[in-house]
Amino acid sequence: MTLPPSAGDPHPTMNDVAHQAGVSPMTVSRALRDDPRVSPQTKIRVMGAVNALGYRRNEAARNLRLGRASGLIGLVVTNLANPFYSQLALGVEAMAAENGTRVMLGNSGEDVARERQLVQDFASRRLDGIIVVPAGSDHRHLQPAQLAGIPVVLAASPPIRFEADAVLLDDFGGSWDATQHLIEAGHRKIAFLGLQASTWTGSERFRGYCAALEEAGIPLDERIISRQQRDVAAAERAMLELLDIEDPPTAVFTANNRNTIGAYRAIRARRPDVALAGFDDFELADMLSLPLTVISYDPRELGRRAAELLRDRIDNPRAQHAARRIVLPTTLVEYGPA
């Protein structure tokens, strides 16, 4: 004996809706598609049953059966705790919404194994495409051939060991500008508080710092370079150590917002006269009690442009044009004490 469905069933089926409305499952399917063969009275009964049971059609399964696009794209970032990535995600989501697409978000935690797991999971769900902020220095697992042909676009880092569309920041140019700004202010002992050399942003921002020093004839001083900080607390400790050395730096360039905030805390506590310039603007930067120079850009625009490239690949799967690279500009902004 088949029992009637009850309201509140966590997974009501189309058969449950049909039983509730007193029609066939085919009639339910037609009513949900607004098929003109279903009378208005029957549609009202069907929709009443749908609402009473909380039925939701499994669009992913339906699209797979029909060979249609899923209407979903994936986004993998390395650290959701960093405001840069949340803003990037908002840019991706805004562009996706304009195209009637939704976004599934994954956080790799800068772990390549976790990144592989996420993109494989997205591929198994037959997502239309994936945007990835990659970790590590070998990105071959992101090749469409490894992901059932799903197109991939990289953000904030170019592809390594394979070809793909990418949207980048001018990491080198922005870092050169910030370091040059400190040099023009008269500083010769400029510390670097940055990121691991294994990341694109880490290497490019350090390269911009080094290039500015070399152009000014200032030798690189390894004693005032620290490149292992992943959070604010580690950056603060590293900056305190640099301030404690004999003949400490008079200025510091920080390679991202977490390093900037950590360095600011150390400088404010120990040496307020040390000049600070950092890559990444951040909320309340203009409210700090010490002067601060930042390299600013629009992370939402980076996300939007990546989503645009991905949409183009999704809509034109047979296009053979070469991998594209977009580099977004940066701007130097000076903040005074609040």
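The values are calculated or read from the model by the stated rules, or taken from the named source; none is laboratory data. Bear in mind the structure is a predicted one, so any value in this text is a computation, not a measurement. Heads up, the Cβs are rebuilt from the backbone with ideal geometry, glycines too, and the neighbour counts pull from every protein chain shown.
Here Arg258 meets each of (1) surrounded by fewer than 18 Cβ atoms within 10 Å (Cβ to Cβ); (2) modelled with pLDDT under 95; (3) of a type in the set (Lys, Arg); (4) within 25 Å of Gln228 (Cβ to Cβ) with one exception, condition (1). Taken as a whole, the condition of being in contact (Cβ under 8 Å) with a residue 12 or more places away in the chain, more than 27 Å from Leu332 (Cα to Cα) and of a type in the set (Val, Ile, Thr) does not apply to Val92. Residues that are part of a helix (DSSP H, G or I), within 19 Å of the chain's Cα centre (by Cα) and surrounded by fewer than 23 Cβ atoms within 10 Å (Cβ to Cβ) within the range 141-177 comprise just one, His141.
Yes/no per residue for (1) touching a Phe, Trp or Tyr at 6+ places or on another chain (Cβ under 8 Å); (2) in the same structural domain as Asn259 (by TED's automatic domain parsing):
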{"site": "Phe122", "(1), (2)": "no, no"}
{"site": "Arg126", "(1), (2)": "no, no"}
{"site": "Asp138", "(1), (2)": "no, no"}
{"site": "Pro144", "(1), (2)": "no, no"}
{"site": "Pro158", "(1), (2)": "yes, no"}
{"site": "Trp176", "(1), (2)": "yes, yes"}
{"site": "Leu182", "(1), (2)": "yes, yes"}
{"site": "Gln196", "(1), (2)": "no, yes"}
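Condition first: of a type in the set (D, E, K, R) and surrounded by fewer than 19 Cβ atoms within 10 Å (Cβ to Cβ). Now tell me which residues in the range 105-121 satisfy that. Of everything in the range 105-121, those that are of a type in the set (D, E, K, R) and surrounded by fewer than 19 Cβ atoms within 10 Å (Cβ to Cβ) turn out to be Glu110, Asp111, Arg114, Arg116, Asp121. For the range 285-328, residues that are in contact (Cβ under 8 Å) with a residue 40 or more places away in the chain, surrounded by fewer than 13 Cβ atoms within 10 Å (Cβ to Cβ) and either in the same structural domain as Val103 (by TED's automatic domain parsing) or over 30 Å from Thr254 (Cα atoms) (or both) total 2. Taking the conditions (1) surrounded by fewer than 22 Cβ atoms within 10 Å (Cβ to Cβ); (2) within 24 Å of Thr330 (Cβ to Cβ); (3) touching a Pro at 6+ places or on another chain (Cβ under 8 Å) in turn, Leu276 satisfies each one other than (1). State whether one or more residues within the range 91-104 are within 13 Å of Val76 (Cα to Cα), buried (at least 19 other Cβ atoms within 10 Å of the Cβ), among the small types (Gly, Ala, Ser) and modelled with pLDDT of 95 or more. No, there is no match, as no residue in the range 91-104 is within 13 Å of Val76 (Cα to Cα), buried (at least 19 other Cβ atoms within 10 Å of the Cβ), among the small types (Gly, Ala, Ser) and modelled with pLDDT of 95 or more.
Checked against (1) buried (at least 22 other Cβ atoms within 10 Å of the Cβ); (2) at pLDDT 95 or above; (3) of a type in the set (S, T, N, Q), Gln180 meets all criteria but (1).
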